[in-house]
1. Could you please give the count of residues in the range 7-37 that are of a type outside the set (S, T, N, Q), under 24 Å from the mean Cα position of the chain (by Cα) and surrounded by 14 or more Cβ atoms within 10 Å (Cβ to Cβ)?
2. Out of the residues in the range 95-147 meeting the condition of being among the hydrophobic types (A, V, I, L, M, F, W, C) and in a loop (DSSP other than H, G, I, E, B), tell me which one is surrounded by the fewest Cβ atoms within 10 Å (Cβ to Cβ).
3. Going through Tyr267, Tyr293, Tyr343, Tyr305 one at a time, which residue ends up being hydroxyl-bearing (Ser, Thr, Tyr) and under 23 Å from Ala403 (Cα atoms)?
4. Pick out the one residue from Gln104, Gln132 that is among the polar types (S, T, N, Q) and without any contact (Cβ under 8 Å) to a residue 60 or more places away in the chain.
5. State which residue pairs qualify: first residue more than 8 Å from the ligand (Cβ to nearest atom) and inside the range 117-129, second residue among the charged types (D, E, K, R) in any location, beta carbons under 7 Å apart, and separation of 6 or more residues or different chains.
6. In the list Arg401, Arg324, Arg342, Arg371, which residue meets the criterion of being outside any helix (DSSP H, G or I) and out of contact with any strand residue (DSSP E or B) (no Cβ under 8 Å at 6 or more places or on another chain)?
7. Out of all the residues in the range 27-56, which are in contact with a helix residue (DSSP H, G or I) (Cβ under 6 Å, 6 or more places away or on another chain) and free of Cβ contacts under 8 Å to residues at least 12 places away in the same chain?
8. So Gly279 fits all but one of (1) within 16 Å of the ligand (Cβ to nearest atom); (2) closer than 30 Å to Asn301 by Cβ; what number is the exception?
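Read-outs throughout are calculated quantities, based only on the coordinates presented, and are distinct from any laboratory measurement. Nothing here was measured: the structure is a model prediction, and the numbers come from that model. Don't worry about glycine lacking a Cβ; one is built from the backbone with ideal geometry, like all the others, and counts go over all protein chains shown.
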Amino acid sequence: AAPFDINAVRRDFPILAERVDGKQLVWFDNAATTHKPKSVIDRISYFYEHENSNIHRAAHELAARASDAYESARKKLAKFLGAASEQEIIFVRGATEGINLVAQTFGKKFIGAGDEIIVSHLEHHANIVPWQQLAVEKGAVIRVIPVDDSGQVLLDEYRKLLNSKTRLVAVTQVSNALGTIAPVHEITALAHAVGARVLIDGAQAVSHLRVNVQALDADFYVFSGHKVFGPTGIGVVYGKKALLEQLPPWQGGGNMIADVTFEHTRYQPAPARFEAGTGNIADAVGLGAAIDYVERIGLENIALYEHALLEYATHGLKSIPGVRLIGTAHEKASVASFVLARYETAEVGKALNDEGIAVRSGHHCAQPILRRFGVEATVRPSFAFYNTCEEIDRFLAVVRRLANNRK
Ligand code: PMP
């Protein structure tokens, strides 16, 4: 049983009542994006109906309302992540833009020829490609932490990669393809011991487990609002204040300046220095409402309930002949990646869709880790706290039928 009223929670998400070809929608594609509670949808409408303005300080009433709403969202995010100050919270489009921002500011200034950047084998392409681009530009070198057969990173191998040339360790906290929860506390402490900085990709973490950036001692932490029940087009970079102050700006334009002449520009301190132009004000406010919602349910309750869903699904999948689970680490968030013998993953995805069940089948923008397991694609159901064991039963029935059809 859920440690909260699951029926009430489900009613909070209007889209869960959708039907697909007459069948009740089952949303098991939460790792790709999550649905939005009515409170988030309403908050965005309220912004446009009552507060909409650009956020120049208090020139008029609506500007004051919009600025207050935007800055109050920033405060909520600081609290949510356990940041020391809201000045450490930069609004961006999402995790991808956040990582690119860090690559183009921190990377540009602090990573040079022969320097080393460490990533793990678990990374999403968003935490590989920006570093590769930087490495090519700077003549830096990328090193990769390998994983074991369960899909967990090998800390001993990681230790061997660290040295005085390591400038940055950029790792995901939770793998989107396998669900592995990486030991980011240890990874961060070991990086700091050689003087390297750490960026944690929290895109798959913040909706499943309580994060505290100060306890983690992360230098940078990034995530996307749309994966934590907020809108698309908004996300966050957390950066330690003292570090942000040392960084050059990224994009230039309005909002990020203190004074401009044709000869010279002085920049704002963080976070404004990194928020050039008009931002996604309404969706930042919507993300604040999503954080309120998640905090109301409680991440501890969410983690507990989702763990039960994952156990239930894993147990069910293991009982079906021909199912091979990919990613069996002990520490996992609610992702159950698998392949089914004698089926293309796309066929499984289609058969599930025919029953109204949405899963991702494909490479999940994480080709290196799938290839580590000898596959190009998996079927990936991923669960959120609004899912139920009854939904998992419907899903398992389809997979079992497919397995029986081709023995
Ligand atoms: N990192 C991870 C681990 C992800 O799962 C994703 C999204 N699948 C991203 C980064 C990129 O997020 P976005 O596309 O929202 O920028």
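1. Of the residues in the range 7-37, 15 are of a type outside the set (S, T, N, Q), under 24 Å from the mean Cα position of the chain (by Cα) and surrounded by 14 or more Cβ atoms within 10 Å (Cβ to Cβ).
2. Quick first cut of the range 95-147, residues among the hydrophobic types (A, V, I, L, M, F, W, C) only: 95, 99, 101-103, 106, 110-111, 113, 117-119, 122, 126, 128-129, 131, 134-136, 140-142, 144-145, 147.
Among the residues that remain, those that are also in a loop (DSSP other than H, G, I, E, B) are: 111, 113, 122, 128, 140.
Values: Ile111: 22, Ala113: 9, Leu122: 30, Ile128: 20, Ala140: 21.
Step by step, filter the range 95-147, then rank; the result is Ala113.
3. Exactly one of Tyr267, Tyr293, Tyr343, Tyr305 is hydroxyl-bearing (Ser, Thr, Tyr) and under 23 Å from Ala403 (Cα atoms), namely Tyr343.
4. Gln132 is the lone residue from the list that is among the polar types (S, T, N, Q) and without any contact (Cβ under 8 Å) to a residue 60 or more places away in the chain.
5. Qualifying pairs under 7 Å: Ile117/Arg167; Ile118/Arg143; His121/Arg372.
6. Exactly one residue qualifies, and that residue is Arg342.
7. His56
8. The number of the failed condition is (2).
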